[in-house]
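Data first, discussion second: the structure below is written as structure tokens.
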């Protein structure tokens, strides 16, 4: 088997890159170790910055997103028992975000691959990159008991934090930066009308909370919990009682509760690997970096990588210009670290840290007071939330 770009990982990053390249006549083979049903069963965030939405349209898979996605022109931050709105559109000159579930986005990308008869191989086991430092890299994998080889010009590692791509880079060539937070997010999905048409981020002495949504009939709620907790510790009634305690009284009173249809705890951590290129291997998305979900940067940072890598590959194949490939890691990391900074700031601002001193807690309160007293501070939050320019 031979192609121009071999892609490891069938999540949104790999699918989006494959779709964009295919539409430009650049061949791809995408390898995914799980079934399509498994990939589509993963519940993830769904706040898309305007740049990501443009990429989906360029990939020819944005129609349903534009039809069913919810445009949000603002968010709320609740503190001290009140809600204050951040006018994203007004503060950024017209930009906003789209709330559209990652599962639906991934489904659209799969449908796009099917329409173009793109090569997506599921249940590809033991995927291994080879000869990355040479002009002729290749991939091997097992499928239905047989060994298969894919010769390619380049390899894109879009296979997540636990994938093989980053582990294929010699450790001595990789610098890793990490922070593990001492808490997690307990998330509940319920078939209930959302309590607010726009997201509510809440900080409270009992901990952080978030009121999000997937559709007009599907709500997604989160609360900060210790890492020692398990899902079994949080039956639905206890969860919603605790969520209401952390929200302003008017929001709590308006909330419609119902049985959870999905419940999980996600630890919060930040991680960056440098560089994002090794020879002919290019990392993208969670394979190179992860962020706490507080600033809605994870999926959007992955799309940013895809943007830079896609255009670099276009320059190579259409113009014989390798400057984009040579500068990919530096350009991608510059935006990645800005996303890390924003997520770190939002997480530090809104959560309760178990080792925080009275001084630390006072500084959080003052930071919030300053934020809503300064248009410049609000504009900084807004421009990061809707997405910095590529």
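Each reported figure results from applying straightforward, stated rules to the coordinates on display, with no laboratory input. Computed from a predicted structure; not experimentally measured. Virtual Cβ from ideal backbone geometry, glycine too; neighbours counted across all protein chains shown.
So between residue 35 and residue 174, what do we pick up on full extension, going 0.36 nm a residue minus the alpha carbon distance? Walk me through the intermediate numbers first.
Working: separation 139, 0.36 × 139 = 50.04 nm, distance 3.08 nm.
Answer, rounded to one decimal: 47.0 nm.
Which of 255, 363 has the fewest other C-beta atoms within 10 Å, and how do the rest follow up to the most? Show your work: numbers first, answer last.
Numbers: 255 18, 363 14.
In order of increasing Cβ crowding within 10 Å: 363, 255.
Every helix of 4 or more DSSP H residues in the chain counts as -39500 (n - 2.57), and over all residues that averages to -11000 deg cm²/dmol at 222 nm. Neighbour counting of Cβ atoms within 10 Å sorts the residues 110, 310, fewest neighbours leading, into 110, 310.
The residues 23, 297, when put in order of fewest to most other Cβ atoms within 10 Å, stand as 23, 297.
Among 152-160, 238-246, 208-216, 34-42, how do they line up from the highest to the lowest mean number of other beta-carbon atoms within 10 Å?
Working: 152-160: 25.6, 238-246: 17.8, 208-216: 21.0, 34-42: 13.4.
So the order, starting with the most tightly packed, is 152-160, 208-216, 238-246, 34-42.
Here the simple spin-label model places points 7 Å from the Cα toward Cβ, and for residue 228 and residue 114 these points are separated by 4.8 nm. For the chain, averaging the sequence separation of C-alpha pairs within contact (under 8 Å, six or more residues apart) and dividing by the residue count gives a relative contact order of 19 percent.
Pairs of alpha-carbon atoms within less than 8 angstrom and 6+ residues apart define the contacts here; what relative contact order does segment 254-331 have, in percent?
Numbers: 69 pairs, mean separation 19.1, N = 78.
Reported as a whole number, the value is 24 percent.
The relative contact order of segment 1-84, computed from alpha carbon pairs under 8 Å that lie at least 6 residues apart in sequence, is 23 percent.
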